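Notes to accompany the following structure.
Read-outs: derived from the displayed coordinates by stated rules, not from any lab. Keep in mind the model is a prediction, meaning the values are calculated, not measured. Note that we place each Cβ from the backbone using ideal geometry, even for glycine, and neighbour counts take in every protein chain shown.
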Amino acid sequence: MVSSALTQASLSALMTDHACDAVISCVASRSGAPADAWAIDRDLNRALLRAATGAGVKQFVLLSAICVQKPKLAFQHAKLAFEAELQAAPITWSIVHSTAYFKSLSGQLNRLRAGKPFLLFGDGELTACKPISNDDLARYLVLCLTDPALQNRILQIGGPGPAITPRAQGEMLFHAMGLTPRYKHVPVAMMSAIVAGLSFLGKVSPRLRDKAELARIGRYYATESMLVWDDANGRYDADATPEFGTETLADHYKRLATEDIADDRGEHAVF
């Protein structure tokens, strides 16, 4: 939910009172459900932008997502709607299309701790990504404030390579936990059947309509890579996906396995 205190007027007053020079927006809907997505990904960012331009702020950095390259979901269209407004605004802007975060790929840790197999969609090689850590991504966002080469541009960014498939993620996690790899394969067709069923029932139930969208989100991430899309050749291109940072997913898994850190995933948990 968006706090009622986050109005354009209150945001503008906050920026003016603190002599704000730049805005870095990382806000995003928690669930991706349509109403939430339009309220947060577009409308809250719109309020931030209007407050910023009204307060004389000179720069706006937006954290978006690399998946908007192939928009099929409500939250992707909401993000793109605001991106268009930002590019047309009288302000220096940077739009960062990030690949997957470490915490988005850590949801099966407790399954493995409970002795359950690692879930894979299809053969586990359908998709790939170059995941990036929170710290490396934060450094990149801040760099956008000072590097002219990163300004007034849409920037696609991933973490250190190479690109990693879900099966490789499972191997890393099993290795970090000292366990023998065990996998359970989930047919993508089953997800499509769930989407179709919920979409049909959603015609008469708003609650099921939202569940259908969440199922579509799950299917999207199970079948689409978080890499640069090569439209000319109709494929994802790992080599064309820029890399930034030094922290690796394998190191993150090791720290999770030893409980040096914990991922607060909240509604981002899939499994």
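Among the candidates V27, V68, single out the residue that is in contact with a Leu (Cβ under 7 Å, 6 or more places away or on another chain), in a loop (DSSP other than H, G, I, E, B) and either closer than 30 Å to T241 by Cβ or without any contact (Cβ under 8 Å) to a residue 24 or more places away in the chain (or both).
V27
Which residue out of L150, L179, L198 is free of Cβ contacts under 8 Å to residues at least 60 places away in the same chain, hydrophobic (A, V, I, L, M, F, W, C), farther than 26 Å from L227 by Cα and surrounded by 14 or more Cβ atoms within 10 Å (Cβ to Cβ)?
L198
Residue under question is A81, and the condition is that it be under 27 Å from I164 (Cα atoms) and more than 13 Å from the chain's Cα centre (by Cα); does it hold?
When the stated conditions are applied, A81 does not pass them.
Looking at the range 45-54, is at least one residue more than 25 Å from L155 (Cβ to Cβ) and in a helix (DSSP H, G or I)?
There is at least one residue in the range 45-54 that is more than 25 Å from L155 (Cβ to Cβ) and in a helix (DSSP H, G or I).
Within the range 227-253, count every residue that is in a loop (DSSP other than H, G, I, E, B), touching a residue at least 60 places away in the same chain (Cβ under 8 Å) and among the acidic types (D, E).
Adding up the residues that qualify gives 1.
Can you name every residue in the range 93-132 that is aliphatic (A, V, I, L, M) and either under 29 Å from F82 (Cα atoms) or within 11 Å of the chain's Cα centre (by Cα) (or both)?
Passing the criteria: I95, V96, A100, L105, A128, I132.
From (1) assigned to a loop (DSSP other than H, G, I, E, B); (2) exposed (fewer than 14 other Cβ atoms within 10 Å of the Cβ), pick out the condition that doesn't hold for A9.
For A9, the exception is condition (1).
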